[in-house]
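One structure below.
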Amino acid sequence: MTEQILHLPVSGLDVRLRSLGGMEDLLLSEATTLDTQLAITLLSGLVQAVDGSEIELEHLTITDLDTLLLLTRKILFSDWIRADATCPAHHCGSRIEVAFQIENYLTHEQPRKVRGVEPADEIGWFRFQNLPVSFRLPTGADQIAIAYHPQPEQSLIERCVCPADLPTKQRKRVERAMAAMAPSLVQLLQGQCAECGAVVEILFDPQQFVLRELQNQARFVYEDIHLLAMYYQWSEAEILVLPRVRRMYYAERIRQTQKSA
Ligand SMILES: [Zn+2]
């Protein structure tokens, strides 16, 4: 894979993505939880701002981080996502699949400007022109901070909205503005069981989906290192710097040779 340039919709940043290698596969294989911290650690080794500036990934919005994960996945494998679930209908239990294209999904969830909202004095904050309320868009750092909080939604509001204790109507207005400016890419998808016709909703979370898929494929890294070290006498460090696709290619060649021997 050659280097690819990706555009992030909320921050407007253009980033360069380099290919996934053995270090990322080890990180994924050894991760015990698939969470925002893992996504950020993984992406920090893979992306670089096109203009050469330092990107603090934890300060990107969750929308931008999820977009990065989906586009990385698109470049690595395919634009098509197939999310599946088991039919919950009594005595059915068939597999239900919902397929969609990343590009369409992202086009559908583009950030929008909100009338009456303007940047506030503090960088990263916004305010309403006719309401004494300011807010900022939730970031990866916020998601990490609230992940194990007993009241995550309330905690997020306290971090991102000022003042945090708003009447319901105003709070809803702030939430609508935030959702328009940084749309959530976690969505409920509708699927229908081909066996019994039951309609089901499948929760699609880009972070969980992409990290799980990458982790499943990363597990081959140990086997690949073992084969390449044995066959070519390469060191672990030499094998780990290879892009994943090249390492897998060599390992596959060795397996074919062993099979035909
Ligand atoms: Zn069914």
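Readers should treat all values here as calculations from the given coordinates under stated rules, not as data from a laboratory. Just so you know, these numbers come straight off a predicted model, no measurement behind them. Note that we place each Cβ from the backbone using ideal geometry, even for glycine, and neighbour counts take in every protein chain shown.
Between His226 and Asn130, the modelled labels are 6.8 nm apart [label points 7 Å from Cα along Cα→Cβ].
Place a point 7 Å from Cα of Gln37 in the direction of its Cβ. Which residues in the range 180-218 have their backbone N less than 19 Å from it? Residues 207-209, 211-212, 215 fall inside that zone.
Note on Lys113: lysines with a C-alpha under 22 Å away, same-chain residues under 8 apart excluded, are Lys169, Lys172. Multiplying the residue separation of Ile144 and Arg219 by 0.36 nm and subtracting their alpha-carbon distance yields 24.5 nm.
Taking the fewest neighbouring Cβ atoms within 10 Å as the starting point, the ordered list for Thr41, Thr168, Thr63 is Thr168, Thr41, Thr63. Only helical runs count toward this figure. For the chain, summing -39,500 (n - 2.57) over DSSP H runs of n ≥ 4 and dividing by all residues gives -13500 deg cm²/dmol at 222 nm. Highest mobility in the GNM of the chain, judged by mean-square fluctuation with C-alpha springs under 10 Å and restricted to Ile40, Ile81, Ile123, is found for Ile123.
Would you mind calculating the gained length between Glu195 and Ala83 on full extension (0.36 nm times residue separation, minus the Cα-Cα distance), in nm to one decimal?
Gain in length upon complete extension: 38.6 nm.
Axis of helix 221-232 versus longest Cα principal axis of the chain: the two differ by about 30°, to the nearest ten degrees. The overall shape of the range 153-229, judged from the alpha-carbon gyration tensor, is oblate: a/c is not under 1.5, and a/b is no greater than b/c.
With N the number of residues in the range 1-94, Rg(Cα) / (2.2 N^0.38 Å) evaluates to 1.29.
On the basis of the beta-carbon distance and an R0 of 22 Å, Glu236 and Arg18 show a calculated FRET efficiency of 0.60.
This ranking places Trp80, Trp234 by how few other beta-carbon atoms lie within 10 Å of each, fewest first, which gives Trp80, Trp234. Between Ser155 and Gln258, residue separation times 0.36 nm minus the direct Cα-Cα distance comes to 31.4 nm. Taking Cys193, Cys162, Cys92 as the candidate residues, the one with maximal mean-square fluctuation in a Gaussian network model of the chain, Cα springs under 10 Å, is Cys92.
Find the eigenvalues of the gyration tensor of the Cα atoms of the range 13-55, then list the square roots of 5 times those eigenvalues as equivalent ellipsoid semi-axes, largest first, in whole angstrom.
That gives 22, 12, 6 Å for the three semi-axes.
Counting neighbouring beta carbons within 10 Å and listing from fewest to most, the residues Val114, Val15, Val161 come out as Val114, Val161, Val15.
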